[in-house]
Structure formats: C-alpha cells, structure tokens
1. Can you go through 191, 187 and tell me which one is at pLDDT 95 or above and surrounded by fewer than 23 Cβ atoms within 10 Å (Cβ to Cβ)?
2. Considering 15, 46, which residue is at negative phi and over 22 Å from the mean Cα position of the chain (by Cα)?
3. Check whether at least one residue in the stretch 251-264 is assigned to a helix (DSSP H, G or I), in contact (Cβ under 8 Å) with a residue 40 or more places away in the chain and more than 29 Å from residue 179 (Cα to Cα), and report yes or no.
4. Quick one: would you say residue 29 is part of a loop (DSSP other than H, G, I, E, B), touching a residue at least 12 places away in the same chain (Cβ under 8 Å) and either out of contact with any helix residue (DSSP H, G or I) (no Cβ under 7 Å at 6 or more places or on another chain) or outside the structural domain of residue 168 (by TED's automatic domain parsing) (or both)?
5. If residue 26 meets every condition in (1) in contact with a strand residue (DSSP E or B) (Cβ under 8 Å, 6 or more places away or on another chain); (2) at pLDDT below 95; (3) loosely packed, with under 15 Cβ neighbours inside 10 Å apart from one, which number is that one?
C-alpha cells in the first residue's frame, strides 16, 4: 500500500536551492506523489510535474497551512526550499503509517557535502554533542525514537492529523512546528517517530553572522515558549546556555574575592574550553577546527542571551 504523498515546499522565489529541491524530489523512489511549490508570486518553473501556488508575501507556516487546500495526498511531506531529500525519503517514511497510532515521522537534516567551509562548520556545530546536546539527532542520523517536538524542514504527517491538529500556528515563525507537534502528541494523543533513514540534506547558514542570527531567533522563541508551551519547552537543557552566560560575569566578579573562588572559576572555564577544543578536533579538518571552536562558544552565548530575552519579554515579533 503506497498512499499518495503531497510534498509541500514553501519559498519566497524559485532560486537555485528551490530548483535543486524539486529535482531531487522528482527522482524519489516512490510511486505516487505530487509536488506543491508555494512562492510569493507567480514563477516560471521548468518542471511540468510541479504545481506552483502563488501565495503573496506570507510566512512559511501560512504557506504550509495554505497548501492543505490544494493537497490531494493522504500524507503531507513538509520540507524547506533549501533542503533536498535522499532518494528513499518517502519510501522509508511511509512504512510507519501502517501503525494508526503514528501521526507523523521526521528524520535528520544533514549538512550537504557540497556546502561551503563556513556552512559545513555551522553544520558541525549543530551536530556536535557540545553544540546541540541531546538534540543532535536532528542533524545527524541516530537511533530511531519517539519524539514530541520536531522541525518542519523534514516532517511527514498524515493529512487528517494535520487537519485535526489545526495545522501550524501561523503566528509563530520560527517555532510553529513546536506548537503543531504539541497538538499531535497532547491533543490527538498520537505519536511522532524519528527515523534516521528518513533523511534530507539541509543547507546551513554560514558562520558566523547568518548562523548566529538563526540561533538567536530559535532561542528567543524557545524562551517565550517556556511560558506558553511548557510541556515541551520547560526543560533543563534549554536553560543551560543561559546559566552559562550568567555564570561568566558572576564568576569573574567572585574570582576577585579570594584565591579559592578564582581557582574554581578558572578550572571550570578551562574544562569548558578543553571540551570545546575536543569537540572541534572531531571535525578532522584543520581549516574547520578553529571555526567550530569559536562557533560553539558564540552559539552558546547567543542562544543563552536570546533565550533569556524570550523568557523575560513578551511575544516575539517576526
């Protein structure tokens, strides 16, 4: 049984990344699917198999909700316009839908081998244990598991479950996927499965500014979600970068009080830098090592401050 799948690709315009996504989707090893491309305005696309749906200048989450009106598949496969799937993406994902308790399936979004050095360094920061902790399975293949929060760059969901959950909460971006996944698991009482074989390649933002800008947006929304979606956001792991940021000025200040406090502070800093160095050495690329080292530190600080901003302030503005 191969249910029809509607692949949904939101974008502002049909650029080289979007074309790459379409080309890889067209070569998928799956018998029954359609491709819905949602740019802001009417675009010339050299792919007769693709349905182009101009949306106007709206956000990705609104575009994904809008695609529901046009999708004829029983399954919706969401990906980003800067990501492209492995050939067996749909074939591996659809296997799980034989179980009625499973509403959605996600998989890793791996850094493409064609990315630039700065983009690969960004990807290595995200996929490292020190960079993403227990969430690194989102960026490299890890063991299959059940999850309750998963990004929409690689999320395949039953159309009926998407409708019952109310779609994405279009007022949030990024972070709309957190709201949707919570509705699936908490309201519908259905499962979301992470499968390492359901793999896409996702182009990374270059270190440092584009990468850190993205991290900042994620952090601000996660901090805000602690207040409104605590079931999946009120977790110790999300607070650790903020505690790290707060401990730095506190440690510096207290280190002037006596030699013992100074020694404790310097020892903790030394251990952190050593772990960061070890993590950067695992890239096994002499040019990438210093980038990853600085990237991990700057990512921790950026996320920590952004998370506190979201936690203390009101609703984030796009």
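The values are calculated or read from the model by the stated rules, or taken from the named source; none is laboratory data. In this text, all values refer to a predicted model and were calculated from it rather than measured experimentally. When we count neighbours, we look across all protein chains shown, and the Cβ atoms used for this are built from the backbone with ideal geometry, even at glycine.
1. Testing whether each residue is at pLDDT 95 or above and surrounded by fewer than 23 Cβ atoms within 10 Å (Cβ to Cβ) leaves just 191.
2. Details: 15 fails: over 22 Å from the mean Cα position of the chain (by Cα).
Answer to the check: 46.
3. No.
4. Details: part of a loop (DSSP other than H, G, I, E, B): yes; touching a residue at least 12 places away in the same chain (Cβ under 8 Å): yes; either out of contact with any helix residue (DSSP H, G or I) (no Cβ under 7 Å at 6 or more places or on another chain) or outside the structural domain of residue 168 (by TED's automatic domain parsing) (or both): no.
Here the answer is no, as residue 29 does not meet what is asked.
5. For residue 26, the exception is condition (2).
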